[in-house]
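Report on the following structure.
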Amino acid sequence: MRLLFLAALRRHTGNAVTAQRVRDHLEAAGHVCILKDAFDFESPSEISNFIKAENLEAAVALHLYRGGRLLQGNGIPFGIIFGGTDLNEDVNQGDKNKVMGKVLEEARFAVAFTESMKQTAQRQWPRAKDKIYVQSQGIATVPNTAFNWNTFLQCSEINQSADNLHVFLLICGLRQVKDPLYLVDAFSEWHQEEPNVYMVIVGPEVDPVFTREVKAKVKRTPGVRLIREMAQEDLHAVMKNCFALVNSSVSEGMSAAILEAMDLEVPVLARNIPGNTAVVKHEVTGLLFSDPQEFVQLAKRLVSNPSLEKEIVANGREYVRKYHSWQEERQTYRQLVRTLERSTED
């Protein structure tokens, strides 16, 4: 079957990584899967023309609003994968909520990463409950074995010996919902007390205006560095070498970076929000903070308590292996796409 996969493809953000992984699953099942950026299309009619030109038979959209609205009324069967901001942010805007409800009526299936995401969707659109499935993100990490950590530190202008260094890594697209500046002031105060702790923010420049604000703030803040987006294999290598992975988002669907850190045996400190608490259990698979001061307290505790670090790392890795199986995810998407195949045969 020839499939269109429509996603908001800002490179190396969670959506782009998820889209590439699901596309691999579908192609492994023998389908032709054309991955397109939802931002490249302005209307359903543009998508309709593309579908006809490429002779596409079905579609999958990642993000109920950004991708789903473009597939409405195109006459081909489609499924939806909730992104996170669609259920956490867009759902609170009347016009978008109405559009998403109509998209969900037309969709043959919808995938939520967590049970709580499914419940949120069901509360909003009760008639869709029988078509919403829960499938956690499957995780597979591939660190670049040739990556040079010391070179990375030099490029980041961290002129310290790697032996006594604690790098806290924040991976996010530079946009307000990810709140990359949330911890910056508190972290910088800590760095001035203990110069061997650094925060490194890595991610694509998603929102140009906000990116300028982030760059200006980081430039004048000791102990904090901002690095441009990196290839996935290099990012995994950086993650593997850092002391801890940080997530400070205002809202999340399911953070792939948190799960990847767990898979790579790196401790996680995450903001106490629903998307994060779905995967991080405090003091078991990671540490949860509710404000910048609590983050610093927990980070200091982690630095000074190797046994806590060891326990969290072991639990995190076990959790990912048990609940975020890449093979299970592949099987789920294969089965769901068969429902689209059956629709084209009817």
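Of the trypsin sites (Lys or Arg not before Pro) found in the stretch 1-98, those that fall in a DSSP loop while having at most 16 other beta-carbon atoms within 10 Å are ARG11. Taking amide H as placed 1.01 Å from N in the peptide plane, TYR133 has its amide H under 5 Å from the amide H of ALA110, VAL111, ALA112, each at least 5 places away in sequence or on another chain. If you sort CYS33, CYS155 by accessible surface, 1.4 Å probe, largest first, the order is CYS155, CYS33. Taking every DSSP bridge with both residues inside the stretch 158-308, close to 0 percent are antiparallel.
Dipole size of the stretch 136-229 about its Cα centre, with +1 on Lys/Arg Cβ and -1 on Asp/Glu Cβ: approximately 340 debye, rounded to the nearest 20. Here the chain is treated as a sphere whose radius is the Kirkwood value from Cα pairs; by Stokes-Einstein at 20 °C and 1.002 mPa s it diffuses with a coefficient of 102 µm²/s. Across SER325, SER43, SER251, mean-square fluctuation computed from a Gaussian network of the chain (C-alpha pairs under 10 Å connected) peaks at SER43. In whole percent, and with a 1.4 Å probe on the protein chains, what portion of the accessible area of the stretch 224-299 is carbon and sulfur? Carbon and sulfur together cover 45 percent of it. Charging the Cβ of each Asp and Glu at -1 and of each Lys and Arg at +1, and nothing else, the dipole of the stretch 269-346 about its Cα centre rounds to 220 debye. Projecting the Cα atoms of PRO126, VAL91, VAL238 onto the charge dipole of the chain (Cβ charges, centred on the Cα centre) puts PRO126 farthest toward the positive pole.
Our analysis of the stretch 40-179 gives Rg over Rh at 1.13, with the two radii drawn from alpha carbon positions and Rh computed by the Kirkwood formula. Summarised in one figure, the compactness ratio Rg/Rh of the stretch 13-117, Cα atoms and Kirkwood Rh, is 0.94. A convex hull fitted around the alpha carbon atoms of the stretch 215-290 yields 113 Å³ per residue. Can you tell me the FRET efficiency between ASN49 and SER343 if r is taken as the Cβ-Cβ distance and R0 is 35 Å, rounded to the nearest 0.05? The value I calculate is 0.95.
For the chain, a crude dipole built from +1 on the beta carbon of Lys and Arg and -1 on the beta carbon of Asp and Glu, taken about the Cα centre, is about 500 debye to the nearest 20. Surface composition of the stretch 1-61: carbon plus sulfur atoms hold 44% of the accessible area, using a 1.4 angstrom probe and ignoring ligands, DNA and RNA. Label zone (GLN72, point 7 Å along Cα-to-C-beta; backbone nitrogen cut-off 19 Å) within the stretch 115-158: 121-122, 124-129.
For the stretch 1-65, the Cα gyration tensor yields ellipsoid semi-axes of 18, 17, 8 Å (square root of five times each eigenvalue, largest first, whole Å). Over the stretch 119-216, accessible surface divided per residue gives 50 Å², non-protein components excluded, 1.4 Å probe.
Let's test the formula: R0 of 30 Å, r as the Cβ-Cβ distance of ASP179 and ARG228. What FRET efficiency results, to the nearest 0.05? For ASP179 and ARG228, the calculated efficiency is 0.95. The ellipsoid equivalent to the alpha-carbon distribution of the stretch 118-175 has semi-axes of 44, 15, 10 angstrom, derived from the gyration tensor eigenvalues as √(5λ) and listed largest first.
When you filter the GluC sites (Glu not before Pro) in the stretch 1-107 for DSSP loop state and at most 10 other Cβ atoms inside 10 Å of their Cβ, you are left with GLU42. Considering only TRP326, LEU226, PHE295, and ranking their Cα positions along the charge dipole of the chain that arises from unit charges at the beta-carbon of Lys, Arg, Asp and Glu, the one farthest toward the positive end is TRP326. Calculation over all alpha carbon pairs of the stretch 259-323 in 5 angstrom steps from 0 returns a P(r) of 4, 20, 30, 26, 15, 4, 0 percent. Taking N as the number of residues in the stretch 153-299, what is its Cα Rg relative to 2.2 N^0.38 Å? The value comes to 0.96. Counting only residues at least eight positions apart within a chain, or on another chain, the lysines with an alpha carbon under 26 Å from that of LYS131 are LYS36, LYS96, LYS98, LYS102, LYS118, LYS322.
The values are calculated or read from the model by the stated rules, or taken from the named source; none is laboratory data. In this text, all values refer to a predicted model and were calculated from it rather than measured experimentally. Virtual Cβ from ideal backbone geometry, glycine too; neighbours counted across all protein chains shown. Surface areas here come from the heavy atoms of the whole protein model, side chains and all, with no ligands, DNA or RNA. Shrake-Rupley method; radii C 1.70, N 1.55, O 1.52, S 1.80 Å.
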